[in-house]
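Read-outs throughout are calculated quantities, based only on the coordinates presented, and are distinct from any laboratory measurement. From a predicted model like this one, the values you see are computed outputs, not experimental measurements. Note: ideal-geometry Cβ built from the backbone for every residue, glycine included; neighbour counts use all protein chains shown.
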């Protein structure tokens, strides 16, 4: 099974940044084109970057100043990219946002997502903002760098043949689910389903899963990316069939299989866009560096050294 391609390291670093907005009337530490970076935004990024290290490592003034400089540089670079994306009218569509959120979520519930984000000092809205910026920056790099790197069809075919195992597509299922917290309720729901009850309506009414509001529809999912129990149950069902009540780590579940796609080998024509992009990335380092350096040279950047100096290491209470 192939893995998602990796954008240049600089872009991955930028994509971790959380935004360039600031609270009204606060101190501005930097201006990048039409965007500003406020003190609170810088502190937020410092905290985010600092969470990657042992607290003792950043408790000294010298290390804090290095971390502050690193955080500011990330925000400046991100603002440069977003500035350019605005000029080129590059944005994230609602479908792209939904797809990215689904990819990042996997099978996590709202509560599990919220808990994971809380540990990093984020909430769901900020997380979605990160995904939006990630999509926009990726599209910018794609259109301005990767799409302009020449890749020969012969090279694409050679890569495909040399890495054929990467293009084995696992089984995919399209299923609906209902999750409740008691077996008694689950059995009552199952009884209604067996009498012709509407799965989607019962999911909307009873399911504790985030997809309940969509009738429990999970869409098509990779059998290898969801808990094994999901695949085990779906493998036993025919399209339209409903499972018995199953106790899992998530509660008491009922599944309905809508459709399935058997495992197969992805063809060269299907894999071509992915391979072309991957090979372009491998060749793009020098091209990207020149493009990014040119972008920086033409972007008006100013740093408020006085405001920056006032962003100090906070004393532990």
Quiz item: Taking the highest mean first, how do the peptides 224-236, 169-181, 153-165 order by number of other beta carbon atoms within 10 angstrom per residue?
Solution: 169-181, 224-236, 153-165
Quiz item: If one computes the Cα centroid of segment 161-235 and of segment 287-317, what distance in Å separates the two points?
Solution: 47 Å
Exercise. Could you state the angle between the C-alpha long axis of helix 268-283 and the longest principal axis of the C-alpha atoms of the chain, as a value from 0 to 90 degrees rounded to the nearest 10?
Key: 20 degrees
Exercise. Any chance you could run the full-extension gain for residue 298 through residue 147? It's 0.36 nm times the residue separation minus the Cα-Cα distance, nm to one decimal.
Key: 52.2 nm
Quiz item: Of 191, 223, 92, which is the most mobile in a GNM of the chain whose springs link Cα atoms less than 10 angstrom apart?
Solution: 191
Self-check item: Stretchable slack from residue 104 to residue 268, in nm (0.36 nm times residue separation minus alpha-carbon distance)
Solution: 56.3 nm
Practice problem: Taking just the C-alpha trace of segment 61-195, give me its Rg and Dmax in Å. | Solution: 22.4, 70
Quiz item: Across segment 31-110, how large is the tail of the calculated P(r) beyond 19 Å, expressed as a percent of all Cα pairs?
Solution: 57 percent
Quiz item: What 222 nm value per residue comes from the helices of the chain, counting each DSSP H run with n ≥ 4 as -39,500 (n - 2.57) and dividing by all residues, nearest 500 deg cm²/dmol?
Solution: -16000 deg cm²/dmol
Quiz item: Which part of segment 167-182 falls in the paramagnetic zone of residue 261, meaning amide N under 13 Å from the point 7 Å along Cα-to-beta-carbon?
Solution: 168-175
Quiz item: Rounded to two decimals, what is Rg over Rh for segment 177-317 when you use alpha-carbon atoms and the Kirkwood radius?
Solution: 1.28
Self-check item: Computed over the chain: relative contact order in percent, which uses C-alpha pairs under 8 Å that are six or more apart
Solution: 24 percent
Quiz prompt | Whole-number D in µm² s⁻¹ for segment 115-231, Kirkwood Cα-pair radius fed into Stokes-Einstein, 25 °C, 0.890 mPa s | solution = 130 µm²/s
Self-check item: Highest-fluctuation residue, 117, 152, 82 considered, GNM on the chain with Cα pairs under 10 Å
Solution: 152
Quiz item: For q = 0.29 Å⁻¹, what log10 I(q)/I(0) does segment 157-209 give under the Debye formula with an equal point scatterer on each alpha carbon and no solvent?
Solution: -1.10
Exercise. Set the Förster radius R0 to 35 Å, insert the Cβ-Cβ distance between residue 87 and residue 63 as r into 1/(1 + (r/R0)^6), and round the FRET efficiency to 0.05.
Key: 0.45
Exercise. Please report, in cubic angstrom per residue, the volume enclosed by the convex hull of the alpha-carbon atoms of the chain.
Key: 184 Å³
Quiz item: Which FRET efficiency value, to the nearest 0.05, do you get for residue 191 and residue 111 by plugging their Cβ-Cβ distance into 1/(1 + (r/R0)^6) with R0 = 22 Å?
Solution: 0.20
Quiz item: Which residue, 115, 184, 39, tops the fluctuation ranking in a GNM of the chain built on C-alpha contacts under 10 Å?
Solution: 184
Self-check item: Calculated FRET efficiency for the pair residue 171/residue 96, C-beta based, R₀ 25 Å, to 0.05
Solution: 0.45
